[in-house]
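> Take a look at the following structure, please.
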């Protein structure tokens, strides 16, 4: 295993949203010999996931408290990873440091997710920190190019993948979503604010009520980053649950952009896909498959 340090020196501050991915990233970074400080987000990360690990709880909009702890520990690099629902600005409680930045924070909220994330990163970096992507400190989490599973896409599946990638390239500038389901060269579902899993459950319901006529075992979930997206934030990701819901939706498989998609729990993901006889494939960036 490559144990060379990646993307910086000194302790790494890992701001943790929901799910298991933050802890997987922490383990990969620690295995490379870099100290990691965990900052799970209160109300988002599950307390039981951090019960046996040293950590400091952080609150959204309590930037001053986080910054003091991170600086005292010698952290200048920050990674933010994990699932998170965008809060309303009216739901936030600000500390004094964050309150001083409120006009700029309010301006950041007047836009899509990409806008608020890039604006937030600029504010953080102005405070002397350096924002990194999880893939920069733990490249092992990225989906490789090629098939990850025993099942392989058919020519029909590859046509669906090509259409899905074309669609996502065309709609990316509108900051809508990162995923689409294509079956029989028809777009049957588009990810919006509900997220990928809920979109897949919607496809399963369409199959159940007869609104989706393509046979079970056909159709592909396609995920790709939006054009110009800052990959330090909200990089597309898949995991075992993605595969389970794709199976419930009666799809043939999952296609993502290699090197620009995170695989959460890859061994479990592959096992789930092989059990369901679904393919999972990493396509080259810009591939027409």
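The values are calculated or read from the model by the stated rules, or taken from the named source; none is laboratory data. These figures come from a predicted structure and were not determined experimentally. Here the Cβ positions follow ideal geometry from the backbone for every residue, glycine too, while neighbour counts run over all protein chains shown.
> So for the range 145-157 (the condition being surrounded by 14 or more Cβ atoms within 10 Å (Cβ to Cβ), on the phi < 0 side of the Ramachandran plot, modelled with pLDDT of 95 or more and in contact with a helix residue (DSSP H, G or I) (Cβ under 6 Å, 6 or more places away or on another chain)), does at least one residue qualify?
yes
> Additional query: What are the pairs, 6+ residues apart or on separate chains, where a residue within the range 50-63 that is assigned by TED's automatic domain parsing to the domain that holds residue 36 and over 16 Å from residue 20 (Cα atoms) has its Cβ under 7 Å from a residue that is modelled with pLDDT under 95 and crowded, with 18+ Cβ neighbours inside 10 Å?
Note: pairs meeting the criteria are 58/15; 58/41; 58/66; 60/41; 61/94; 61/98; 62/98; 63/98.
> Would you mind telling me which numbered condition in (1) surrounded by fewer than 16 Cβ atoms within 10 Å (Cβ to Cβ); (2) modelled with pLDDT of 80 or more; (3) assigned by TED's automatic domain parsing to the domain that holds residue 56; (4) in contact with a helix residue (DSSP H, G or I) (Cβ under 9 Å, 6 or more places away or on another chain) residue 129 fails?
(1)
> I'm told residue 270 meets every condition in (1) modelled with pLDDT of 95 or more; (2) closer than 22 Å to residue 202 by Cβ; (3) outside any loop (DSSP other than H, G, I, E, B) except one. Can you identify the failing condition by its number?
Evaluating residue 270 over (1) modelled with pLDDT of 95 or more; (2) closer than 22 Å to residue 202 by Cβ; (3) outside any loop (DSSP other than H, G, I, E, B) leaves (2) as the failure.
> For the list (1) modelled with pLDDT of 95 or more; (2) at positive phi, I need the number of the one condition that residue 189 fails.
(2)
Quick grid of which residues meet (1) in the same structural domain as residue 203 (by TED's automatic domain parsing); (2) under 30 Å from residue 121 (Cα atoms); (3) more than 20 Å from the chain's Cα centre (by Cα):
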residue	(1), (2), (3)
231	yes, yes, no
237	yes, yes, no
252	yes, no, yes
255	yes, yes, no
261	yes, yes, no
268	yes, no, no
272	yes, no, no
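> Cβ-Cβ under 6 Å, sequence separation 6+ or interchain: first residue in the range 210-235 and within 22 Å of residue 133 (Cα to Cα), partner assigned to a loop (DSSP other than H, G, I, E, B). Which pairs?
Cβ pairs passing all conditions: 223/178; 223/236; 225/236; 225/260; 231/133; 232/133.
> Does residue 212 satisfy the condition of being touching a helix residue (DSSP H, G or I) at 6+ places or on another chain (Cβ under 6 Å), in a loop (DSSP other than H, G, I, E, B), in the same structural domain as residue 257 (by TED's automatic domain parsing) and surrounded by 13 or more Cβ atoms within 10 Å (Cβ to Cβ)?
Yes, satisfied.
> In this structure, does residue 185 turn out to be touching a helix residue (DSSP H, G or I) at 6+ places or on another chain (Cβ under 8 Å) and surrounded by fewer than 15 Cβ atoms within 10 Å (Cβ to Cβ)?
So residue 185 passes the test.
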